[in-house]
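Q: Okay, here's the structure, questions in a sec.
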Amino acid sequence: MAKSALNMGDVSHGNSQPPGVPVLMYHGIAGPETGPVPKAEGKYWIDAPQFTGQLEKILSSGYLVAPVRDLWWVKNYPQGSSPLAITFDDGHATDYTVAYPLLLEFGFRADFFINTAFVGSRGYLTWSQIVELQKAGMSIQSHGHEHVDLTHLSPQELSRQLGHSKRLLEDQIGRPVEFLSVPYGLVNSRVIGEALSGGYSAVCTSRPWPARMGEAEINRMAIHRQMSCKRFESLLARKIWPYAAALLRQALLYLPKQLFLRLNPGALTVQVSGEVQ
Ligand SMILES: [Zn+2]
């Protein structure tokens with residue numbers, strides 16, 4: 001389908017609000033039976049009550065909640081409706097044990113981006129859980145085969161990370177996998193080019209700004225444990241300040257993050273030891 005035909009990201013509530021669709025990015029959701037959260041990931045996991053409270057706010061805000069998979073193709077939304085997407089990265093087991101029941105309770109569908117190399121490992125989704133999520137209407141997409149910085153791979157290895165995960169997922173769920181979310185939020189034109197030529201429709205990033213659907217890059221806002229209710233409500237209200245503040249923070253952390261990943265190559269290959277977005 002032609003990307004240029006899509007321009008649904010222009011839903012705006014006024015001149016002071018950034019146009020586009022809020023796409024929220026979650027990682028693990030800690031429930032009463034999930035055990036201790038890995039220290040390196042603590043910042044990116046939120047507790048089930050916090051997540052429930054956020055779903056309540058999304059519901060009361062009147063958003064049209066749908067997966068990126070569905071929203072990306074829509075040319076025009078129904079008059080007066082504002083779309084929003086909920087996404088999960090990494091394929092943690094809590095996607096199924098904690099997030100899934102809550103999403104069902106609220107009647108929301110979400111995108112789950114899976115690292116196929118980790119499926120069935122301790123703390124991660126199993127294939128049967130992934131298939132069940134898919135059958136329930138959830139969107140199953142790729143986070144690469146392993147959790148690696150895609151921007152520094154050889155052409156062959158980049159092709160393998162994107163292609164192998166896509167094929168494995170498609171074989172299991174029986175439908176196309178069209179979207180890639182990049183580990184650590186690290187992306188460049190080479191990664192996007194390889195994704196598009198390899199059959200993906202678009203790449204989900206960690207650029208904290210509302211997304212323009214139909215384009216090759218889809219911005220997403222990471223939801224952190226420390227995010228206050230007020231800030232979350234401001235995101236939903238599409239105030240510009242929480243997005244601008246997150247953009248500024250990301251710019252300031254860019255070089256330290258690159259340095260961290262270069263000095264800690266284990267963080268790139270070991271099971272998601274530090275999701276630096
Ligand atoms: Zn990740």
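Q: Quick one: LEU169 ticks every box in (1) at pLDDT 95 or above; (2) surrounded by fewer than 19 Cβ atoms within 10 Å (Cβ to Cβ) bar one, so which box is it?
A: Result: LEU169 passes all but (2).
Q: Which numbered condition in (1) small (Gly, Ala, Ser); (2) surrounded by 23 or more Cβ atoms within 10 Å (Cβ to Cβ); (3) touching a Lys or Arg at 6+ places or on another chain (Cβ under 6 Å) is the only one that ALA195 fails?
A: Against the list (1) small (Gly, Ala, Ser); (2) surrounded by 23 or more Cβ atoms within 10 Å (Cβ to Cβ); (3) touching a Lys or Arg at 6+ places or on another chain (Cβ under 6 Å), ALA195 comes up short only on (3).
Q: Do we find that PHE232 is of a type outside the set (S, T, N, Q), at pLDDT 95 or above and closer than 14 Å to LEU24 by Cα in this structure? Full working, then the answer.
A: Numbers: of a type outside the set (S, T, N, Q): yes; at pLDDT 95 or above: yes; closer than 14 Å to LEU24 by Cα: yes.
Answer is yes for this residue.
Q: Could I ask something else about it? Filter region 51-77 down to the residues that are under 19 Å from ASP89 (Cα atoms) and touching a Cys at 6+ places or on another chain (Cβ under 9 Å) and list them by number.
A: Listed by number, the residues that qualify are GLN54, VAL68.
Q: Within region 113-122, does at least one residue satisfy the condition of being out of contact with any Cys (no Cβ under 8 Å at 6 or more places or on another chain), away from the ligand (no atom under 16 Å from the Cβ) and in contact (Cβ under 8 Å) with a residue 24 or more places away in the chain? It would help to see each step written out before you state the result.
A: Within region 113-122, the subset out of contact with any Cys (no Cβ under 8 Å at 6 or more places or on another chain) is 114-122.
From what is left, the residues that are away from the ligand (no atom under 16 Å from the Cβ) are 120, 122.
Checking which are in contact (Cβ under 8 Å) with a residue 24 or more places away in the chain leaves us with none.
No, the conditions are met nowhere in region 113-122.
Q: Would you point out the residue of region 176-192, among those that are under 14 Å from ILE114 (Cβ atoms) and either out of contact with any strand residue (DSSP E or B) (no Cβ under 7 Å at 6 or more places or on another chain) or surrounded by fewer than 21 Cβ atoms within 10 Å (Cβ to Cβ) (or both), that is modelled with the highest pLDDT? Walk me through how you get there before you give the answer.
A: Residues of region 176-192 that are under 14 Å from ILE114 (Cβ atoms), as a first pass: 177-183.
Remaining after also requiring either out of contact with any strand residue (DSSP E or B) (no Cβ under 7 Å at 6 or more places or on another chain) or surrounded by fewer than 21 Cβ atoms within 10 Å (Cβ to Cβ) (or both): 178, 183.
Values: GLU178: 98, PRO183: 95.
Among them, the one singled out is GLU178.
Q: Follow-up question, since we're still on this one. Can you confirm whether region 163-184 contains a residue that is in contact with a Ser or Thr (Cβ under 7 Å, 6 or more places away or on another chain), closer than 26 Å to LEU253 by Cβ and among the acidic types (Asp, Glu)?
A: There is no residue in region 163-184 that is in contact with a Ser or Thr (Cβ under 7 Å, 6 or more places away or on another chain), closer than 26 Å to LEU253 by Cβ and among the acidic types (Asp, Glu).
Q: In region 183-194, which residue that is within 16 Å of the ligand (Cβ to nearest atom) and touching a helix residue (DSSP H, G or I) at 6+ places or on another chain (Cβ under 6 Å) is farthest from SER159 (Cα to Cα)? Before you say what the answer is, go through the steps one by one.
A: Looking only at region 183-194, we keep the residues that are within 16 Å of the ligand (Cβ to nearest atom), and these are 183-187, 191.
Adding the requirement that they be touching a helix residue (DSSP H, G or I) at 6+ places or on another chain (Cβ under 6 Å) leaves 186, 191.
Working: LEU186: 16, VAL191: 9 Å.
So the residue we want is LEU186.
Q: Suppose we filter GLN156, GLN141, GLN161 for residues that are within 15 Å of the ligand (Cβ to nearest atom) and without any contact (Cβ under 8 Å) to a residue 24 or more places away in the chain; which single one remains?
A: None of the others qualify; the one that does is GLN161.
Q: From the set of residues in region 125-138 that are within 24 Å of ARG220 (Cα to Cα) and surrounded by fewer than 22 Cβ atoms within 10 Å (Cβ to Cβ), which is nearest to the ligand (Cβ to nearest atom)?
A: Filtering region 125-138 for residues within 24 Å of ARG220 (Cα to Cα) gives 125, 130, 133-134, 136-138.
Those left that are additionally surrounded by fewer than 22 Cβ atoms within 10 Å (Cβ to Cβ): 134, 136-137.
Details: GLN134: 20, ALA136: 23, GLY137: 23 Å.
Across region 125-138, the extreme among qualifying residues is GLN134.
Q: From the list ALA216, ALA222, exactly one residue is at pLDDT 90 or above, under 19 Å from the mean Cα position of the chain (by Cα) and over 30 Å from GLY53 (Cα atoms). Which is it?
A: Values: ALA222 fails: over 30 Å from GLY53 (Cα atoms).
Answer to the check: ALA216.
Q: Look at ALA99 and say whether it is within 29 Å of TYR184 (Cβ to Cβ), in contact (Cβ under 8 Å) with a residue 24 or more places away in the chain and more than 16 Å from the ligand (Cβ to nearest atom).
A: When the stated conditions are applied, ALA99 does not pass them.
Q: How many residues are part of a helix (DSSP H, G or I) and either on the phi > 0 side of the Ramachandran plot or not polar (S, T, N, Q) (or both) if we restrict to region 61-115?
A: Selection size over region 61-115: 15.
Q: Take region 11-60 and flag every residue that is within 16 Å of the ligand (Cβ to nearest atom) and not in a loop (DSSP other than H, G, I, E, B).
A: Across region 11-60, the qualifying residues are VAL23, LEU24, MET25, TYR26, ILE29, ALA40, GLU41, GLY42, LYS43, TYR44, ILE46.
Q: I would also like to ask the following. Is region 214-236 home to any residue that is touching a strand residue (DSSP E or B) at 6+ places or on another chain (Cβ under 6 Å), farther than 24 Å from LEU59 by Cβ and not in a helix (DSSP H, G or I)?
A: yes
The values are calculated or read from the model by the stated rules, or taken from the named source; none is laboratory data. Because the structure is predicted, anything quoted here is derived from the model rather than measured. So basically every Cβ, Gly included, is an ideal-geometry build from the backbone, and we count neighbours across all protein chains shown.
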